[in-house]
C-alpha cells in the first residue's frame, strides 16, 4: 500500500517519512499486517475504553511504530533503522466487499428484468443529467431524445453496438467501440461510462437473460481490448475490470437488485448510482440498460 506523504502529515502522531538514503520524491511505503498488534491505537486519555470509538469526539488515529528491542521508548521513532510500520486494523462488523457480484446466487427471470429495465429507463429520463448521454434513455421509451453534439456522435455507434452484440459481429462491434471510446470530456468520458455499464451486463448476465441463452462474455473482452489506446488510461483500466465482471460497489448492487421484484430497492440502488460523478452515474446506467436491450434482442 502506498500512502501520500501529505496524508501522513494529517496524522497528529505521525511516523517520519524521511529515511536516510531514501528518494524523497517517491511515495512512502507502509507494510500493513492485519495480524500484528498494536498498530492503530484508539487509546485517548479519559476515554471509556469499553465504549466504541467515536470519531466525532476523537477524530484522530494514533499510529504507533512496532517495538524495538533495546530502544529508548522516550525518544522519537527513527525510521532509518526500521523501514516499515506494522499497522493493525480491526473492522469486525464490516462485511467484505467483492468486486464481482454473486450473480449465481440469484434467480433471473426475463419478465422481472424487462419490468425493472423499463422502470429504470423512466428514472433515467426524469433524473439523468442532460450533459452526458443519459437523455438517450428516451429512445428506450419510444420517445425522441434531445439533440446535442455529443448525442449526434454517439447515437449511430450505440445502434451499431446493440445490433453487433446480438449478431456477435466482431468487426461491427469494434467499429462501434472505436466510435464510443474516449467520446466526451473528463477522465472517464461519457462513451466509456456507457461501454462500462454495457459490458458489465454482457459479462455478468448474458448467460442468464439472453433470449438465445448464449454467453457473450467474449464480446465484453473484445470491447475492452479495442478501447485501449482510444481513451484515457483510467477508463481503459475500468473497462478491463468490467469485462471480467469486476464493477464498483454501487453498480454491482444495482445489477443484483435487477433480479428483485422490489421497486423501492431498485430505485434506491439506481439513485445511488446516479449520484456518482458529474455524468458518470447516468451514463453507466444507460449502458446497463442498453446491455439488457441487446441481450433481449431489441432494437433502438
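The values are calculated or read from the model by the stated rules, or taken from the named source; none is laboratory data. Predicted, not measured: the structure shown is a model, and the values here were computed from it. Methodologically, a virtual Cβ is constructed for each residue, glycine included, from the backbone with ideal geometry; neighbour enumeration extends over all protein chains shown.
Yes or no, residue by residue, for (1) surrounded by fewer than 18 Cβ atoms within 10 Å (Cβ to Cβ); (2) at pLDDT 95 or above:
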{"site": "142", "(1), (2)": "yes, no"}
{"site": "150", "(1), (2)": "no, yes"}
{"site": "153", "(1), (2)": "yes, yes"}
{"site": "168", "(1), (2)": "yes, yes"}
{"site": "172", "(1), (2)": "yes, yes"}
{"site": "185", "(1), (2)": "yes, no"}
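Across region 165-188, what is the number of residues that are in contact with a helix residue (DSSP H, G or I) (Cβ under 7 Å, 6 or more places away or on another chain) and in contact (Cβ under 8 Å) with a residue 24 or more places away in the chain?
Residues flagged as in contact with a helix residue (DSSP H, G or I) (Cβ under 7 Å, 6 or more places away or on another chain) and in contact (Cβ under 8 Å) with a residue 24 or more places away in the chain within region 165-188 amount to 16.
Residues in region 99-115 that are under 20 Å from residue 250 (Cα atoms) and either free of Cβ contacts under 8 Å to residues at least 24 places away in the same chain or in contact with a helix residue (DSSP H, G or I) (Cβ under 6 Å, 6 or more places away or on another chain) (or both): 101, 103, 104, 105, 108, 113. Take the residues in region 197-213 that are in contact (Cβ under 8 Å) with a residue 40 or more places away in the chain and more than 17 Å from the chain's Cα centre (by Cα); name whichever of them is surrounded by the fewest Cβ atoms within 10 Å (Cβ to Cβ). Residue satisfying both the conditions and the ranking: 212. Taken residue by residue, region 244-264 has at least one member that is under 19 Å from residue 126 (Cα atoms), part of a helix (DSSP H, G or I) and without any contact (Cβ under 8 Å) to a residue 24 or more places away in the chain. All of 215, 206 fail the test of being in a helix (DSSP H, G or I) and in contact with a helix residue (DSSP H, G or I) (Cβ under 7 Å, 6 or more places away or on another chain), apart from 206.
Restricting to region 267-281, what's the tally of residues that are assigned to a loop (DSSP other than H, G, I, E, B) and either under 11 Å from the mean Cα position of the chain (by Cα) or in contact (Cβ under 8 Å) with a residue 12 or more places away in the chain (or both)? Spell out the reasoning first.
Within region 267-281, the subset assigned to a loop (DSSP other than H, G, I, E, B) is 275-279.
Cutting the leftovers down to either under 11 Å from the mean Cα position of the chain (by Cα) or in contact (Cβ under 8 Å) with a residue 12 or more places away in the chain (or both) gives us 276-279.
Residues that pass the stated criteria total 4.
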